[in-house]
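The numbers here are math on the coordinates, done by the rules we state, and not lab data. Everything quoted here is computed from the prediction, not taken from an experiment. Glycine also receives a Cβ, built like all others from the backbone with ideal geometry; neighbour counts cover every protein chain displayed.
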Amino acid sequence: MGIIGTIFIGLIVGLIARFLKPGDDSMGWVMTILLGIGGSIAATYGGQALGIYQVGQAAGFIGAVIGAVILLVIYGALKKG
């Protein structure tokens, strides 16, 4: 997948994560895209550490959304603190 596809999937994952997590998460489009891409990366490496995914296998869409929600919770905690 090219960089444009990665950005697009990151945007979709980030938007879904922001929709699923309640509360006010004031961030722009760039932060939403980075949140989605970061969630996918976190889910991939976290899944490999837990034995869910094999090395070289990317996380699925649901795993990426879960990773993005976790990152969003961490972002909110750091922003308040």
*From the set of residues in segment 61-81 that are among the small types (G, A, S) and touching a helix residue (DSSP H, G or I) at 6+ places or on another chain (Cβ under 8 Å), which is surrounded by the most Cβ atoms within 10 Å (Cβ to Cβ)?*
A68
*Do you know which residues across segment 48-60 are farther than 20 Å from K21 by Cβ and crowded, with 18+ Cβ neighbours inside 10 Å?*
Y53
*Which of the residues belonging to segment 11-35 are within 18 Å of K79 (Cβ to Cβ) and under 8 Å from the mean Cα position of the chain (by Cα)?*
G14, A17, L34, L35
*Restricting attention to segment 33-46, which residues are small (G, A, S) and buried (at least 20 other Cβ atoms within 10 Å of the Cβ)?*
G36, G38, G39, S40, A43
